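The values are calculated or read from the model by the stated rules, or taken from the named source; none is laboratory data. Model, not experiment: these values are computed from the prediction. Cβ placement follows ideal geometry from the backbone for every residue including glycine, while neighbour counts extend to all protein chains displayed.
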Amino acid sequence: MKRLLSALLAAGLLFGPVAVATAQDGGQGPVENDAAEIEAAATGEDPAAEVAEEGHAETPHYPLKRPEELSWTFAGPFGRWDLGQLQRGLKVYTEACAVCHSMNLVSMRSLTDLGYSEEQVQAFAAQYQVQDGPDDTGEMFERPGTPSDRFPAPFPNPEAAAAANNGAVPADFSLLAKARAVERGFPTFVFDIFTQYQEAGPDYIHALITGYDEEAPAELEIQPGTYYNPYFIAGPALAMPPPISDDQVEYTDGAPQTVDQYSRDVAAFMMWAAEPHLVERKATGFVVMIFLVIFAVMMFLVKRRVWANTPH
């Protein structure tokens with residue numbers, strides 16, 4: 001009886017899938033498949049190609065173009081900030097980007113790191129009206145900004161920001177240079193460990209700002225109200241229009257007033273906002289590496305001295 005049950009179980013496992021597949025095909029699946037293969041061989045057509053032509057093509061990967069790897073003063077293990085570039089980037093942000101984008105995590109007192117004096121920072125902060133309170137009567141009020149305040153947001157809440165920008169909430173600039181970057185595949189990311197490449201965010205921001213001039217392919221459908229940009233990380237187009245144009249922001253240090261220069265400067269400023277202690281961190285890391293090398297050499301010499309007279 002046990003042998004009979006084992007034989008029946010084995011037969012069910014062997015012929016069960018075949019029976020189910022035949023039932024799902026209406027009993028004609030294998031015959032129809034064979035007929036289709038014979039017809040395709042006779043006509044020289046590829047059934048898989050016909051499926052692709054019917055709209056089952058491979059899903060595109062974004063961005064359509066990868067950002068160019070630029071040269072930044074803060075790159076590498078010995079990088080440093082270009083204070084002139086950071087000051088220009090602040091000017092671009094306040095005059096062109098702050099209309100839509102907030103910087104909620106950056107205090108205005110940190111602008112002293114950009115080479116401004118405390119009096120200049122106080123005058124800069126006083127240009128803004130900051131909501132404060134409540135007062136003695138329980139009402140909110142507005143006052144001139146102080147260095148301890150953070151950069152004020154252009155909209156009171158995300159809902160108001162979305163309503164003013166066709167349903168899309170502009171991203172906050174505080175950490176954007178560290179949060180938005182194009183992934184670097186293998187083996188590039190392995191080399192980045194040794195080259196200390198950490199500028200994918202600024203490279204992406206520069207490419208996005210300067211990528212609006214490119215024409216969209218004829219076969220690509222762009223939704224109304226969006227703008228084609230092959231460097232956009234989430235699709236072929238985005239709701240943000242070109243944010244800046246040539247000669248829109250006036251520079252007083254003689255730097256070129258072009259979109260390319262504007263994008264470089266504001267990308268560097270956003271990198272500083274996201275990691276203001278970048279240079280100090282790299283300097284500390286360099287000292288630590290020197291210490292570890294010297295310590296390893298000393299430990300090796302001590303080991304040889306201690307075990308010199310011990311037979312092995």
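For THR94, the criteria (1) under 25 Å from VAL169 (Cα atoms); (2) touching a residue at least 24 places away in the same chain (Cβ under 8 Å) hold in every case but one, which is (2). For the stretch 128-157, taking the residues that are under 16 Å from VAL99 (Cβ atoms) and of a type outside the set (Phe, Trp, Tyr), the one that is farthest from the chain's Cα centre (by Cα) is identified as GLN129. Does ASP260 satisfy the condition of being in the same structural domain as GLY76 (by TED's automatic domain parsing), acidic (Asp, Glu) and either surrounded by 11 or more Cβ atoms within 10 Å (Cβ to Cβ) or more than 34 Å from the chain's Cα centre (by Cα) (or both)? Criteria met by ASP260. Screening ALA161 with (1) over 17 Å from ARG66 (Cβ atoms); (2) touching a helix residue (DSSP H, G or I) at 6+ places or on another chain (Cβ under 9 Å) gives one miss only, at (2).
Apart from one condition, GLY185 fits all of (1) free of Cβ contacts under 8 Å to residues at least 60 places away in the same chain; (2) farther than 28 Å from SER245 by Cα; (3) part of a helix (DSSP H, G or I); the exception is (3). LYS91 meets all of the listed conditions (1) over 27 Å from the mean Cα position of the chain (by Cα); (2) over 20 Å from GLU142 (Cα atoms) but one, namely (1). Among the residues in the stretch 87-96, are any over 17 Å from VAL266 (Cα atoms) and of a type in the set (A, V, I, L, M)? No.
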